[in-house]
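The values are calculated or read from the model by the stated rules, or taken from the named source; none is laboratory data. All figures in this text were calculated on a predicted structure; none of them were measured in a lab. No Cβ is skipped: glycine too gets one built from the backbone with ideal geometry, and neighbour counts run over all protein chains shown. Just the protein is used for accessible areas: all its heavy atoms, side chains included, with ligands, DNA and RNA removed. Shrake-Rupley method; radii C 1.70, N 1.55, O 1.52, S 1.80 Å.
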Amino acid sequence: MADKRVVVVGGGVAGLFTAWDLVRAGGVEVDVLEMSHPGDGSSGRSVGMVETQYFEPADVAVRAYGRQVYSALVAEHDLTFTHGGYLRLGRTDADLERFRESIETQRAVGIEDAVVLSPAELAQRWGHLVVDDLSGGLFGSWDGYVDGYEVCQVLARLVRGAGGRVHTGTRLLGAERPEAWRLETTRGVFEADVVVNAAGSWAGPVGRTLGAPVALTPQLHGAVTVELAHDVPFTPFIMDYIPGSGVEGVYFRSERADQLIAGLHTEEAIAPTVDPDVTLGSLPMPEVERIIELLLPRLHNVDDMAIGRSWTGTYPMTSTLSPLTGPHPDQPSVVYAAGGGGNGIQLGPAIARHAADAILERPAPFGEHALAWQVTAGAAI
């Protein structure tokens with residue numbers, strides 16, 4: 001008989017990574033409840049970036065851990081990973097200094113491929129980029145992107161293969177805890193010793209149902225394809241945004257030689273809060289126009305480009321701008337694995353490991369860079 005019964009609410013990247021950590025550890029009976037099917041939410045709509053070009057040691061360390069996990073999924077389970085590189089642009093001497101410090105921080109956790117490039121080096125590598133206003137760039141050649149939907153499908157298969165259960169079309173309706181948890185769902189009642197709230201943008205309503213509320217502010221974001229009239233050299237994932245700047249920045253990368261994918265990114269809660277049940281579809285035209293407004297000055301000879309399809313997903317932002325991981329302070333049998341914001345794909349392995357460590361009472365894996373992530377009670381969306 002399993003030592004613990006764990007129900008994971010949410011079949012996105014964070015929930016499935018948590019379930020996979022738990023079933024691999026042994027001694028845990030795991031059920032994943034997904035109201036649609038794995039990857040059907042924002043995980044499957046993500047642009048899927050995995051990279052380590054950050055500045056604070058903890059931010060780099062958790063992404064380095066994610067890099068290890070994704071490398072293992074590629075090597076052992078045939079996950080597709082496009083190593084196109086990631087380039088963070090800088091405009092000031094202060095940006096360059098932070099880039100150089102990032103190189104040293106990355107080397108301290110075993111990452112050797114990141115470099116700082118001058119504007120001349122940027123122009124030499126990617127002649128179609130406008131670099132006149134830049135001080136340089138921070139480039140990681142290993143970095144790249146995955147398909148979030150594929151990640152969820154691979155993880156669901158691994159969870160099932162290790163003895164866990166993934167229930168599709170299963171929505172949480174109610175919960176009570178006389179002794180153990182009794183979770184009422186559209187597919188019957190599930191019992192558990194611990195409930196993991198990995199419900200993404202629905203983590204707020206799920207938290208209220210479990211009596212473990214948190215402050216979560218889902219925000220609508222999206223991406224658009226840009227059709228080019230002629231082929232351009234392969235473009236790595238370019239991020240024209242500096243964390244902490246207080247404004248959104250544009251990102252873009254090659255999808256094909258004559259097509260880019262572009263969008264706006266921020267790691268700060270500056271967009272309006274939306275209901276987690278917001279209809280996902282095409283980007284509103286003002287958002288598309290803003291993307292193009294920021295993209296055009298960054299590329300040579302693209303005046304004849306055309307707008308293709310677009311799509312939206314949600315960033316599950318938190319009041320602390322950090323993920324929610326670990327036991328809820330008022331209801332410790334509820335463990336969170338949520339709040340990845342716009343970085344859910346790359347932070348998913350670390351969020352899951354932190355949540356699984358809390359359940360299994362293991363030490364955190366990040367050494368001297370122990371996470372400051374913690375769950376705080378609050379009114380939830």
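As a summary of the residue check, Y241 satisfies the conditions (1) farther than 22 Å from G281 by Cα; (2) open to solvent by 10 Å² or more (accessible area, probe 1.4 Å); (3) at pLDDT below 95 except for the one numbered (2). Of all residues in the stretch 339-357, how many are aliphatic (A, V, I, L, M) and either touching a His at 6+ places or on another chain (Cβ under 6 Å) or surrounded by fewer than 20 Cβ atoms within 10 Å (Cβ to Cβ) (or both)? Matching residues across the stretch 339-357 total 0.
Residues in the stretch 34-75 that are at pLDDT 95 or above and among the charged types (D, E, K, R) were compared, and the one that is most open to solvent (accessible area, probe 1.4 Å) is R67.
The set of residues from the stretch 173-216 being open to solvent by 40 Å² or more (accessible area, probe 1.4 Å) and of a type in the set (S, T, Y) comprises T186, T209. Only one of (1) closer than 30 Å to S135 by Cα; (2) surrounded by fewer than 24 Cβ atoms within 10 Å (Cβ to Cβ); (3) touching a residue at least 60 places away in the same chain (Cβ under 8 Å) is not met by L87, so which one is it? Of (1) closer than 30 Å to S135 by Cα; (2) surrounded by fewer than 24 Cβ atoms within 10 Å (Cβ to Cβ); (3) touching a residue at least 60 places away in the same chain (Cβ under 8 Å), only one is false for L87: (2).
Taking interchain pairs and intrachain pairs at least six residues apart, which have beta carbon atoms under 9 angstrom, with the first residue in the stretch 276-303 and closer than 30 Å to G207 by Cβ and the second open to solvent by less than 30 Å² (accessible area, probe 1.4 Å) and assigned to a loop (DSSP other than H, G, I, E, B)? Hits for this filter: P276/A199; L280/G41. Do the conditions hold for T80, that is, is it open to solvent by less than 50 Å² (accessible area, probe 1.4 Å), touching an Asp or Glu at 6+ places or on another chain (Cβ under 8 Å) and among the hydroxyl-bearing types (S, T, Y)? Taking the combined requirement at face value, the residue does not satisfy it. Give the residue that is most open to solvent (accessible area, probe 1.4 Å), with candidates limited to residues of the stretch 260-273 that are free of Cβ contacts under 8 Å to residues at least 60 places away in the same chain and not acidic (D, E). Among residues in the stretch 260-273 that are free of Cβ contacts under 8 Å to residues at least 60 places away in the same chain and not acidic (D, E), the one most open to solvent (accessible area, probe 1.4 Å) is P272.
The set of residues in the stretch 334-352 being over 24 Å from G263 (Cα atoms), of a type in the set (V, I, T) and within 12 Å of the chain's Cα centre (by Cα) consists of I351 alone. Restricting attention to the stretch 274-314, the residues that are in contact with a Phe, Trp or Tyr (Cβ under 9 Å, 6 or more places away or on another chain), surrounded by 13 or more Cβ atoms within 10 Å (Cβ to Cβ) and assigned to a loop (DSSP other than H, G, I, E, B) add up to 4.
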